[in-house]
Amino acid sequence: MAVIQKYGKNYSYDLVCHKENHPSDKIGAPACHKKWPEHTTWSRPVARVWTVVLLLGTCLLYCARVAMPICAVSMAEQFNWSKRESGMVLGSFFWGYCFTQVFGGYVSDRVGGEKVLLLSAAAWGSMTAFTPILAHFCSQPILSMTLARFLMGLLQGVHYPSLASLCSQKVVESERGFLMSTVGSGSYLGTLVIGGAGSLMLDLYGWQSVFYASGLLSVLWAYCMWKYLLKGEGPIITLESLGSGGPQSKLSKRHWLRLLKQPAVCAVIVTHLCTASTFFTLLSWLPTFFKDTFPNAKGWVFNVIPWLVAIPSSLFSGWLSDHLISKGFDTASVRKLMQCFSMGVSSVFTLLLCGNTTFPWAVAFVSATMGLTTFSHSGVSVNVQDLAPSCAGALFGVMNTCGAFLGVLLVYFSGYLIEATGSWASVFALITTVNLLGLCTFLAFAEARRVDIDYSKVRHHDIHI
């Protein structure tokens with residue numbers, strides 16, 4: 001007799017127990033053979049606490065990340081850096097960021113995303129706080145700052161894959177959208193906080209204060225998480241724990257190549273690659289677009305308003321997706337709907353920037369574009385957890401690495417288009433084309449059922465009389 005637990009509408013065969021004539025049966029305890037480990041999901045009150053904590057953590061992540069770009073001009077003046085040298089310091093973060101995406105997800109899937117988040121936050125928070133010291137006590141500040149930014153990228157690269165792994169293991173399907181969208185809005189909140197408070201501290205106390213404040217607050221966040229949520233348990237990651245992650249890790253190893261051959265998994269990777277690269281391109285070029293097109297406009301308007309729109313938009317998309325799923329709508333259809341807003345409707349407002357427009361309308365179009373783009377937090381970003389919760393962290397790392405590399409290429413190519421055509425319309429048309437390519441792929445192949453399980457073997461082992 002087989003007993004199969006179902007989660008949501010997608011029948012995921014997570015736990016299979018068989019009652020047979022084992023010695024344990026004789027004393028009234030049926031033998032139970034677990035095919036996959038059972039993860040205890042958070043209760044709703046616990047999930048709410050973790051949502052707030054992870055939101056603050058992501059906010060501080062971006063405060064520490066954006067500290068260097070904010071202080072770059074002042075540091076360049078003090079240390080006599082050229083534009084090329086400043087670009088080398090700022091760009092070194094990206095290379096480190098790409099290298100640890102997959103590794104961070106791999107470790108999180110085996111030892112728990114909360115441990116990886118805690119250790120990485122303590123490390124990159126300390127690195128941020130020590131940045132001014134490294135700059136002053138090194139004979140070649142350009143080398144120490146380049147190395148520091150590279151290490152920052154390495155340490156922060158594990159954050160989002162760890163979040164994906166943690167959410168897939170601890171959050172039920174009908175609540176993942178809101179949690180991920182809320183935590184994702186921390187990036188916009190952090191950009192706003194460091195842009196406002198950081199600029200004020202820069203003027204009043206110097207660039208060093210920005211690094212000290214963001215770094216120490218990040219370390220304090222890591223300590224509070226360890227003390228009150230993890231109850232002081234040591235976040236120890238051993239080689240033994242990495243090598244023996246139990247049946248779950250064995251399953252992901254055994255089926256990794258088969259997993260990448262699944263159309264739904266390929267669709268998630270391609271779609272995330274497209275949406276991440278276009279978002280990165282917009283983030284990089286929009287300030288230049290406004291300065292070139294509207295030279296007399298106030299910078300704080302187009303640097304602040306779109307992010308103010310993005311925060312409530314991200315929260316609304318998470319609430320909407322979870323609400324639709326709880327009302328009985330198919331999970332895959334909801335994910336596709338969210339992605340239609342993120343890549344389809346947003347592209348309409350992007351194309352509107354191609355024509356002649358006034359500054360208020362341009363700010364409105366950009367705000368709508370950025371706000372709608374956040375719907376991907378409830379679409380493709382959560383879909384990876386639907387498809388492969390056993391290795392969601394590592395798979396999200398693959399997605400994020402691909403998206404980051406394509407993002408850099410797209411940024412460079414956009415610069416070439418601007419110089420070659422002398423028009424911003426070509427860039428916005430390119431962004432729209434990439435978005436629509438990703439959207440069509442997602443609509444055609446995306447699913448929400450688990451694909452990290454060999455269902456034929458499950459059915460074979462489930463047949464008992």
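Just a few scattered comments:
- Cα-Cα P(r), the stretch 43-231, percent of pairs per 5 Å interval: 1, 8, 16, 20, 20, 14, 9, 6, 3, 1, 0
- Taking all protein chains into account, the per residue accessible area for the stretch 43-231 stands at 40 Å² (1.4 Å probe).
- Full-stretch length increase - Asp203, Leu216 - with 0.36 nm per residue and alpha-carbon distance subtracted: 2.7 nm
- Rolling a 1.4 angstrom probe over the stretch 253-454 with all protein chains present gives an accessible area of which 71% lies on carbon and sulfur atoms.
- Order by protection proxy (mean Cβ within 10 Å, highest first), peptides 289-302, 271-284, 153-166, 427-440: 153-166, 271-284, 427-440, 289-302
- Size descriptor, Kirkwood hydrodynamic radius, that averages inverse alpha-carbon separations across the stretch 253-454, Å: 17.6
- Distance (nanometres) between label positions extended 7 Å along Cα→Cβ at Trp319 and Leu257: 4.8
- Alpha-carbon centroids, the stretch 154-214 and the stretch 400-457: separation in whole Å: 24
- With the simple model of a label 7 Å out from the Cα in the direction of the Cβ, Cys266 to Val304 spans 4.8 nm.
- Estimated translational diffusion coefficient (Stokes-Einstein, Kirkwood radius over Cα pairs, 25 °C, 0.890 mPa s) of the stretch 390-454: 172 µm² per second.
- Point-to-point label distance, Trp95-Leu134, nm (Cα→Cβ direction, 7 Å offset): 1.4
- Portion, in percent, of the accessible area of the stretch 43-231 that falls on carbon or sulfur, probe 1.4 Å: 70
- With all protein chains modelled, accessible area of Ser187 [1.4 Å, Å²]: 10
- Checked against a 19 Å cut-off, the cross-linked pairs Lys83/Lys298; Lys115/Lys170; Lys170/Lys336 give Cα-Cα distances beyond that limit for Lys83/Lys298; Lys170/Lys336.
- Estimated FRET transfer efficiency when R0 is 56 angstrom, pair Val46-Thr421 (beta carbons, to 0.05): 0.55
- FRET E, pair Asn80, Leu283, Förster distance 41 Å, beta-carbon r, rounded to 0.05: 0.90
The values are calculated or read from the model by the stated rules, or taken from the named source; none is laboratory data. Model, not experiment: these values are computed from the prediction. When we count neighbours, we look across all protein chains shown, and the Cβ atoms used for this are built from the backbone with ideal geometry, even at glycine. The accessibility values were calculated without ligands, DNA or RNA, using every heavy atom of the protein model including side chains. Shrake-Rupley method; radii C 1.70, N 1.55, O 1.52, S 1.80 Å.
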